[in-house]
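Report on one structure; see the data block that follows.
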Amino acid sequence: MLTVKKSQQKFIKLLALFIAIAIPWVLGGIYIYNTTTHTEHVPIKLVNYEVDTVAKVDHSKFKILQQDFDSPQQITEACLSCHNKTDQEVMATSHWKWAKPYIKDNGDTIMLGKKNIVNNFCIGTKSNEKLCSSCHIGYGWKDMNAKFDDSRNIDCIVCHDQSGIYKKATGDYGLPAKEELVICGIASHPFDYKKVLRSIGKPQRHNCGACHYVGGGGNNVKHGDLEMALNKTSRKVDVHMGMNSANMGCIECHKTKRHDIKGNLYSIASANKNRVSCEECHTEAPHKNPILNEHTDRIACQTCHIPEFAKVNPTKMYWDWSTAGKFNPDGSMMMKKDSAGAMTYHTKKGSFIWKKNVKPEYIWSNGEARHYIMGDKIDPTKTVHLNYFLGNYTDKNSKIIPVKRFTGKQIYDAKNNYMIIPHLFGKDTTSYWLNFDWNKAAKTGMAEVGLPYSGKFGFVSTQMDWPVNHMVAPREESLTCTECHSRNGRLAKVTDFYLPGRDYNNLLDVTGVIMILLSLLGVIIHATLRIIKK
Amino acid sequence: MKKKTYIYRGFERFWHWNQALLIFFLAFTGFEVHGAYHIIGFQHAVQLHNIAAWALLVLIVFAIFWHFVTGEWKQYIPTTKFIKEQISYYITGIFKGAPHPTHKTIYNKFNPLQRLIYLGLKLLVLPVQVITGFIYLFYVYPNNPGHVFGLSTIAVIHTFGAFTLLAFVIAHVYLTTTGDTPLSSIKAMITGWEVIDIDEKEERMQNLQKAVDESVAGYYRLDLNGTILDVNDAWLEMYKCKDRSKVVGKHYAVTRDKKNLTELDDLVAKVLNGEIITGIPVTRKCFDGSTGKHLLSANPVFEDGEIVGLGGFILDISEAEKLNEHMTFAVRNSGAGYYRLDENGVIVDVNEAWLKLYKFDSKDEVIGHHFELTRKPSEVGKLEESFKKVMAGETISGVIAERRCKDGSTGKHILSANPIYIGNKIVGMEGFILDITKLNDTN
């Protein structure tokens, strides 16, 4: 009896010890279970967000808009007859001026914008204004060096048409077609102004998209995250714009004050000003998990929440101008398409690479960018960065952002070692797309730029970074930790800091593993000897 | 000597096993954070690692508290004694079946290697891990004000600590198998009980301590100035004092009447000079004003070869003394003669009545002489016989004996005799004599 009692007591004591050890673990487990699961039920934190969907004015009621118009400028006059002074607002914006102040490395401030910048798509507007100003919010901007300040030339309709039928003609200085017109193989049609004017309202996606979807000469060529598919899209493609989610328009985020629209495009912009930020509505601590909120210090929201872009249609990733000018044996222009139907070669433009569902590149950015300015010397043996971002790990204002890195080869002056803007478009004897002579195109283009052309050209590798801000994924598809916190993760190239999970000291790891192996070996040898000697 | 001993207490085992689990858990999640493998995912690894880190910190705080409160921290004091022997035991001795060079006892749980390694863990590896870990946890980004070293330095140190701990765990787990049986050490860490050596010295100290605490003998200790440092319960009882604080910190003068104080002063001076006093009867003054008698022993207390005070015991003799006094009084005043002999038959004591009967004038004339003195040569044999009987343990009463007085005359008396015991040893004989000469004469 007594021994039974004693062994029972012993058992109870051991059980008590076991329970005492187990309790903290069970509590810890419950805590973790409660904090890590069910996150999908956490409501999204929003501040300062309101959508005003009620139309304030019905433009179809205005008599002045019901008359017959001979020219689009007459329409603008009609608009300004009520919205007088609005012309001043519009003409103060970069949408009108196509330029913003830019401080060069030497401290000089210049006006920099579409009218004088270089990119690695269609290269530059100089000498190609007739085509390029198809995307200007004015009518008939022919000479970008001359004054352009007649308010009747403001194209109000392109942004405010809600009928969907208004369209500027392709390649006619931003004017809509008066009659049936084919330029560069693209047809433009006249349309019923009365129908357009009855629909006037707040800009919608298709208004912005008319230009911003098709930059670079086709849908989704430039951005990769802005394209026609966004007009009617789903939550899966873009949580904000999805018809089955928030269904927000562009100006819900790109808030507009006196026609000045918030937002920067760093292919042109350079200053950390007037930017749209996710934090405006989502705050800097939008996550339930505090560790994730710590990330917002130095990681842009887009980095994790836009795992990939070009989710519906492919985007152009590479453009090699040096291969342009090849013809079919029959003398016709050569065109090649890939299996998905995207153009991979065109006699006029050279070779392309298109990609879909692209993972972005990642760079540091403090919101400031620098650009190649016409006349800057280049090193043709290296890739020329036509734009690049400032920022690094030690700069506390820098965040890691996702970008679309667009590379290519384009023409440069091989003697003067600077970039060339060639004359591409025009019914004349020097335009490349008609004459296919780089020398002539370079000469005309550089004459417009105002820089000497040596007569010798070459092709240099170039690169541009386009920040990716759209096509925000549903939260369940945002990046998991290991996408970056792993040996060959997405941030493998951003190496100026220690990233847990990615970085390690090789010497230490080797030493450590050897230490462990030696311990094990020692134990095994010692144990074996003990057993044998026994 | 070996004995099944309760060596690891409850909290110690709770702490040990939870720390072990946490270290395994931290290593598992930590190396996932390090990128060594992908099992539970980086996010879970980080979250769990952080929570476990907090848990370990709490556990360590409790453990530090426990070590100080129980005094167990002393187990980790490093020693070089036997360290060579311990190393050579693990390298060679263990294979030859040699005995452990050091003995595990409850007062010395760890061998010198263990002491060194565990102390290194507690003072170096774990603090480094905790400190670098919490810098890692709160470092966040370089705009944090705590940004000093750069995360990579912190991470490298932290990782190195992890490797060190892992190597320790391997060796530690293996070395647990080197006990009496391969599993005895692990079993001990689970149940708390292990068959280990008894530290006889410590054991004795403990028993002595207990004996002093619970003894009926009063114990006291004084410093050089005569201030009482400590007394036990028996001492307090003898002095009829209920509050130890009334005694401790006071000068010993409170324990004596003025007239008896000088005697004690002398004693204290002697002992502080290095003498040892073994049992002197003294009179104490109790705290209720009464007096009592006790036997006092005192010996100097040494520290590093220097006398720093004195201590000793007191044994109450008030009752015995009283009894003795009555007896002495009775014997002294009785008409019966009293005598006492030592084991050799030498007279040690006699009373006045005895001297009268034998017609001696003073005790000095008889004390120190053999009992032959009291008999005619023809009668000595009889007494010799009685003496032998008593020394063998018998008690004699009513024997008629013929004495020889100082002047050579004789007389008759009835003699009683009984042995004197000290402990269970007979050390002499004593008894009474009643004169019957006159009676005889009358008869």
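Distance from the C-alpha centroid of the stretch A:74-90 to that of the stretch B:33-76: 71 Å, rounded to the whole angstrom. Annotation: aspartates and glutamates with alpha-carbon distance below 13 angstrom to A:LYS178 (same-chain offsets under eight excluded): A:ASP70, A:ASP192. Close Lys pairs in the stretch A:382-447 (alpha-carbon distance under 18 Å; sequence gap of 8 or more, or different chains): 6. Each Lys and Arg Cβ is given +1 and each Asp and Glu Cβ -1; about its Cα centre, the protein assembly as shown then shows a dipole of about 3240 debye. Considering only A:ASN274, A:ILE373, A:HIS160, the residue lying farthest towards the positive end of the dipole of the protein assembly as shown is A:HIS160, judged by Cα position with unit charges set on Cβ.
Taking amide hydrogens as placed 1.01 Å from N in the peptide plane, the amide H of B:CYS405 sits under 5 Å from those of B:THR410, B:GLY411, each at least 5 positions away in sequence or on another chain.
What shape does the stretch B:215-317 have by the C-alpha gyration tensor, where a ≥ b ≥ c are the square roots of the eigenvalues, rounded means a/c under 1.5, and otherwise prolate means a/b greater than b/c and oblate the rest? Prolate is the answer for the stretch B:215-317, as a/c is 1.5 or above and a/b outweighs b/c. For A:TRP354, the residues whose amide H sits under 5 Å from its own are A:MET317, ignoring neighbours fewer than 5 places away on the same chain, with H placed 1.01 Å from N.
Kindly express, to the nearest 10 degrees and within the range 0 to 90, the angle between helix A:438-449's C-alpha long axis and the longest C-alpha principal axis of chain A. Long axis of A:438-449 versus the principal axis of chain A: about 80 degrees.
In nm, what is the difference between 0.36 nm times the number of residues separating A:THR381 and A:ASN328 and their Cα-Cα distance?
15.9 nm
The charge dipole of chain B, taken about the Cα centre with unit charges on the Cβ atoms of Lys, Arg (+1) and Asp, Glu (-1), comes to about 760 debye, rounded to the nearest 20.
Report, in degrees rounded to the nearest 10, the 0 to 90 angle that the Cα long axis of helix B:42-70 makes with the longest principal axis of chain B. Tilt relative to chain B: about 10 degrees.
Using a cutoff of 8 angstrom between alpha carbon atoms and counting only pairs six or more residues apart, the relative contact order for chain A works out to 13 percent. Taking each residue as 0.36 nm, the span from B:LYS96 to B:SER185 lengthens on full extension beyond its C-alpha to C-alpha distance by 30.0 nm. Classified by the C-alpha gyration tensor, chain A has a prolate form. Its axis ratio a/c, with a ≥ b ≥ c, is 1.5 or above, and a/b is larger than b/c. Between A:ALA340 and A:ASP105, full extension at 0.36 nm per residue minus the direct alpha carbon distance yields a gain of 80.2 nm. With helices as the sole contributors, the protein assembly as shown gives -10500 deg cm²/dmol at 222 nm; each DSSP H run of n ≥ 4 counts as -39500 (n - 2.57), and the sum is divided by every residue. In the stretch A:437-530, a dipole from Cβ-located charges (positive for Lys and Arg, negative for Asp and Glu) runs towards its positive end, and of A:VAL523, A:ALA447, A:PRO467 it is A:VAL523 whose Cα lies farthest in that direction. Bridges between two residues of the protein assembly as shown, per DSSP, are antiparallel at a rate of about 95%. What shape does the protein assembly as shown take by its C-alpha gyration tensor, where a ≥ b ≥ c are the square roots of the eigenvalues and a/c under 1.5 counts as rounded, a/b above b/c as prolate, and the rest as oblate? Since a/c reaches 1.5 and a/b is larger than b/c, the shape of the protein assembly as shown is classed as prolate. All other residues whose Cβ lies under 12 angstrom from that of B:CYS241 are scored, Lys and Arg at +1 and Asp and Glu at -1, for a net of +3. Axis angle, to the nearest 10 degrees, between helix A:506-533 and the longest C-alpha principal axis of chain A: 20 degrees. Distance from the alpha carbon centroid of the stretch A:101-157 to that of the stretch A:384-430 works out to 17 angstrom. Chain A packed on chain B takes about 4100 Å² of accessible surface away from a 1.4 Å probe, both sides summed. Of all lysines in the structure, those lying under 19 Å Cα to Cα from A:LYS104, and not within fewer than 8 positions of it along the same chain, are A:LYS114, A:LYS115, A:LYS273, A:LYS377. The HN-Hα couplings worked out from phi for the stretch A:142-152 by the Karplus form 6.51 cos²θ - 1.76 cosθ + 1.60 (θ = phi - 60°) are 9, 10, 6, 7, 7, 5, 9, 9, 7, 5, 5 Hz, whole numbers, x standing for Gly and Pro. For A:ALA22 and A:GLU252, a Förster radius of 51 Å and the Cβ-Cβ distance give a FRET efficiency of 0.45, rounded to the nearest 0.05.
Excluding same-chain neighbours fewer than eight residues apart, the lysines reachable from B:LYS382 by a Cα-Cα span under 17 Å are B:LYS412. Taking amide hydrogens as placed 1.01 Å from N in the peptide plane, the amide H of B:CYS286 sits under 5 Å from those of B:THR291, B:GLY292, each at least 5 positions away in sequence or on another chain. Rounded to the nearest whole Hz, the Karplus-based 3J(HN,Hα) values (6.51 cos²θ - 1.76 cosθ + 1.60, θ = phi - 60°) of the stretch A:8-22 follow the sequence 5, 4, 4, 5, 5, 4, 5, 4, 4, 4, 4, 5, 4, 5, 6, with x at glycine and proline. Working from label points 7 Å from Cα in the Cα-to-Cβ sense, the A:ALA271 to B:VAL254 distance is 8.9 nm. Scalar couplings 3J(HN,Hα) for the stretch A:283-292, obtained by applying the Karplus form with A = 6.51, B = -1.76, C = 1.60 to θ = phi - 60°, are 6, 7, 10, x, 9, 6, 7, x, 5, 5 Hz; x denotes Gly and Pro.
The values are calculated or read from the model by the stated rules, or taken from the named source; none is laboratory data. All figures in this text were calculated on a predicted structure; none of them were measured in a lab. For neighbour counting, all protein chains shown are included, and Cβ atoms are generated from backbone atoms with ideal geometry for every residue, glycine included. We work out accessible area using only protein heavy atoms, side chains counted, and drop any ligands, DNA or RNA first. Shrake-Rupley method; radii C 1.70, N 1.55, O 1.52, S 1.80 Å.
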